[in-house]
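Student: Here's a structure for you.
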Amino acid sequence: MSQGAVNYSPYLHFQREAWAKLKDDQLLHVLGNDIDSLRALNEPLTEEEIIQIYLPLSRLLTFYIKATEELYAVTDKFLHASITKVPFIIGIAGSVAVGKSTTARVLKRLLSLWPGHPKVELVTTDGFLYPNRVLEQKGLLNRKGFSESYNTRKLIRFLADLKSGKPKVSAPVYSHLYYDVMEGEEHWIERPDIIIFEGINVLQAADSSLKKGGMQGKFSSVFVSDFFDFSIYVDAEVSHIERWYVERFETLKKTAFKDPTSYFHRFAKLSPEESKAMAKEIWHEINEPNLVENILPTRNRATLILKKGPDHFVEEVWLRKL
């Protein structure tokens, strides 16, 4: 018998064509005209992408959700106790500009269309960033997006409240226009069936700040992902993501940056050459190091990986084996 290395992967690998065959035609019929509204998002998104990638994914998620509900029911029966129903939490991770927000918004809509029309809420980690004034005090404004720029204790507390069955919880609100947390504003969430929690850092470990302020011994060894029932990592080659980031920067320069109240209004008058140079500088100084050092190493913690090609469309789906 050969003594060679054993090739093993914890994932089942699906090429796009094989994955597309797992869609549900019944939901496709229900979706109808909603496909056009789903396509009206910022990232490239075609009807084919929705049908071949996201419909099968939403179908798979409904199986996981149903199985989790059944587990709660049998546990309740076994313990002769009434267990509070808690939301099914889906984490979505990946780099800046890779398309996490589009994935989250499409899944939110699709999951809400399944039988029973579950109540689906979308929360991003952006609101859990420290406000800019705090980042400036800490000398972290140029580290925005790195793990130390988040109020991790607040983030963990939010997820813990959800999973403890609290009927009503609030998440902080972030404005991309002002590039800051909107202090005093809250997004209230009341008895959701499903929570989609999206952000670059959702699969990273909790940091040492949890050991302070009364959290030691309670959350000091907690991962954000410990609260997830299912997690998705949106993946692509670093060179592709850099190009998408530069292209998105140029698009924003022509749109959102033109608003005089925008934090980035000063970039609106840059020439195409200056805009490209600025985007590349931000990418190489902030976003790429964060991706390579902190985000990419968490990829294999995900339940499912969507691997995109150079055209921004998913070419492979990797599903973790049970």
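Student: I'd like the FRET efficiency for GLU285 and ASP24, computed as 1/(1 + (r/R0)^6) with the beta carbon distance as r and R0 of 30 Å, rounded to 0.05.
Tutor: 0.10
Student: So which trypsin sites (Lys or Arg not before Pro) in the range 74-147 pass both tests, a DSSP loop state and at most 13 other Cβ atoms within 10 Å of the Cβ?
Tutor: In loop regions of the range 74-147 (DSSP not H, G, I, E or B), the sparsely surrounded trypsin sites (Lys or Arg not before Pro) are LYS85.
Student: Let me ask something else. Calculate, in nm to one decimal, what ARG191 and LYS168 gain on full extension: separation in residues at 0.36 nm each, minus their alpha carbon distance.
Tutor: Answer, rounded to one decimal: 7.6 nm.
Student: Are there trypsin sites (Lys or Arg not before Pro) in the range 232-322 that DSSP puts in a loop and that have at most 11 other Cβ atoms within 10 Å, and which ones?
Tutor: Passing sites in the range 232-322 are LYS269, LYS321.
Student: Once the principal axes of the Cα atoms of the chain are found, what is the range along each, listed largest first in whole angstroms?
Tutor: 63, 56, 50
Student: Over the C-alpha atoms of the range 118-175, what are the Rg and the largest Cα-to-Cα span, Dmax, in Å?
Tutor: 13.1, 43
Student: Compute the FRET efficiency between THR261 and LYS138 as 1/(1 + (r/R0)^6), taking r as their Cβ-Cβ distance and R0 = 45 Å, and round to the nearest 0.05.
Tutor: With R0 = 45 Å, the Cβ-Cβ based efficiency is 0.95.
Student: Taking chymotrypsin sites (Phe, Trp or Tyr not before Pro) that fall in a DSSP loop and have at most 15 other Cβ atoms within 10 Å as cut points, what is the longest piece of the chain between them?
Tutor: It runs 9-177.
Rule-based calculations on the coordinates, nothing more; no lab input. This structure is a prediction, so every number in the text was calculated from the model and none was measured. When we count neighbours, we look across all protein chains shown, and the Cβ atoms used for this are built from the backbone with ideal geometry, even at glycine.
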